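Taken together, the values in this text are just the output of simple stated rules run on the coordinates, not laboratory data. Being a predicted model, the structure only gives us computed values, none of them experimental. Here the Cβ positions follow ideal geometry from the backbone for every residue, glycine too, while neighbour counts run over all protein chains shown.
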Amino acid sequence: MRFIHLRHLLTCLALTAAHGAAQALDAASLELAVGEKVQMVRVGAQWDWERRWFQSNGTHLGGYWDLSLAQWRGTHYQNIEGKTQDITSIGLTPVLRFQQDSKKGFYAEARIGIHLLSELYDNDNNHLSTSFQFGDEVGVGYVFNNKLDIGLKLQHFSNGGIKKPNDGIDFTSIRVRYIF
């Protein structure tokens, strides 16, 4: 059963990547995150919207698409210390970013995206009853002149009340992103 879910996730990732490949990739990222008895490693590919809203005083609101593949590791599977649960997640997220017109320096961003998990999360008395999850994130960061982007984010995953239980999972993460 788990293999079937992983195969579906990889198929979705391949189809989405093939669709996005029609446009040039604008950035790639690596993210490390920790939560309550859970860790996450995530890689991502980003495509800039090339739009500017509310442009004023050298700043604007812009955005990009973020396609991600992540691996979660819970260390209290079924509330048993030391027993692990590994979950693969694929996500697609629109991101709004308040930034300078040069796209360098400090920024703030917010996002709400969709994620598909390879199995149901059951770790440290936290349960997610659906494989479909929403991912809400807020973050701040800095883009250096060499196009290196370092950010800090707070993340929350839950199914938005679609089905109970829906305890949700929180992460704090650091992301390194390179803009091409």
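Note on the range 140-173: residues that are part of a loop (DSSP other than H, G, I, E, B) and among the polar types (S, T, N, Q) total 3. Just one residue in the set 106, 132 is hydrophobic (A, V, I, L, M, F, W, C) and over 18 Å from the mean Cα position of the chain (by Cα); that residue is 106. If the condition is being over 16 Å from residue 28 (Cβ atoms) and among the hydrophobic types (A, V, I, L, M, F, W, C), then the range 145-180 contributes 152, 154, 157, 162, 169, 171. Residues of the range 140-180 that are surrounded by fewer than 18 Cβ atoms within 10 Å (Cβ to Cβ), closer than 30 Å to residue 50 by Cβ and among the basic types (Lys, Arg): 147 alone. Per the listing 88, 75, 130, 84, the residue uniquely more than 30 Å from residue 50 (Cβ to Cβ) and touching a residue at least 60 places away in the same chain (Cβ under 8 Å) is 88.
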